Ligand SMILES: C[S@@+](CC[C@H](N)C(=O)[O-])C[C@H]1O[C@@H](n2cnc3c(N)ncnc32)[C@H](O)[C@@H]1O
């Protein structure tokens, strides 16, 4: 499936974000809110990254695919913290270049490779990985089943995939559904709920962790820290774009507090 104009525009927006997120003020905010400074764009905090590393049993010699890895979060962190080998893939080259530079300066014990690749058509042989992860990526692409099938093909038979995703709360309709869609990531709408999608694409669910409240708390902290850095933030974004950004944070938080959006970590295998 070729990317929609909406997805192409999103790839360009992500590319700009990865550049902007390397600025000192964004690194300061990211360290205080997420506990890391890779210039990430997902809502995966360091605590969550540690939890996912545990579920995937990351260790030296194990090779993980981080799909939609942006500028290296969390794959480079895992390569440094656990010594695993990591393959980072994404669509915008900008983020991968930043990630490659970071890997060259950090020199993690694990090997790291970088590849521009569409997650729905991964350019790897069958059974290439022992672990796969993606952070809030399925809610940024429309062909969710295609991405899940592609992941199933490249994961080895005893492998495991752990991923986070933001989705619209079940049983919403009308204005509530529209609010959730507006507040969520561009492809937050899914053709079916995630357990159904996973089942259809050959995955077995071993566990689900509801991280909706962590997500809301991360946004609250983000609002506080960005307001604390308002002068530097205004220089970086410009007054108008910053006002829009903050309105977006508040829209998301209100949708979460009203139960319209959820975020979950799925721990799955091929059964
Ligand atoms: C929320 S960001 C997460 C980035 C990074 N892993 C992080 O945690 O900061 C989602 C990423 O998914 C990528 N993405 C969207 N559609 C994709 C596709 N079809 N194939 C691969 N990556 C895709 C975007 O380019 C973006 O970098």
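Every number in this text was worked out from the coordinates using simple rules, so none of it is lab data. As the structure is a computational prediction, the values presented were derived from the model and not from experiment. Note that we place each Cβ from the backbone using ideal geometry, even for glycine, and neighbour counts take in every protein chain shown.
Considering the range 145-219 at the alpha-carbon level, its Rg and Dmax are found to be 14.3, 44 Å. One decimal place: the segment residue 251-residue 28 gains 77.9 nm when fully extended, by the rule 0.36 nm per residue minus the C-alpha distance. One decimal place: the segment residue 57-residue 172 gains 37.7 nm when fully extended, by the rule 0.36 nm per residue minus the C-alpha distance. What the Cα atoms of the range 38-102 give is an Rg and a Dmax of 11.0, 30 Å.
The share of C-alpha pairs in the range 1-89 whose separation exceeds 18 Å stands at 49 percent.
In the chain, the calculated helix contribution to ellipticity at 222 nm averages -15000 deg cm²/dmol per residue, counting -39,500 (n - 2.57) for every DSSP H run with n ≥ 4.
Cα-based Rg of the range 66-193 per 2.2 N^0.38 Å, rounded to two decimals? Don't jump to the answer; show the numbers that get you there.
Working: Rg = 16.0 Å, N = 128, 2.2 N^0.38 = 13.9 Å.
Dividing the Cα Rg of the range 66-193 by 2.2 N^0.38 Å gives 1.15.
Kindly put 124, 237, 129 in sequence by how many other C-beta atoms sit within 10 Å of each C-beta, fewest to most. Each step should come with its number before you reach the end.
Working: 124 16, 237 19, 129 24.
Least to most surrounded, the residues fall as 124, 237, 129.
This ranking places 236, 138 by how few other beta-carbon atoms lie within 10 Å of each, fewest first, which gives 236, 138. Working note: Debye formula, equal point scatterers on the alpha-carbon atoms of the range 76-136, no solvent; log10 I(q)/I(0) at q = 0.17, 0.24, 0.28 Å⁻¹ is -0.59, -1.13, -1.34.
Within the range 194-271, the ratio Rg/Rh, alpha carbon atoms throughout and Rh by Kirkwood, equals 1.18.
Dimensions of the chain from C-alpha coordinates, computed as largest minus smallest value along each principal axis and given longest first, are 49, 47, 33 Å.
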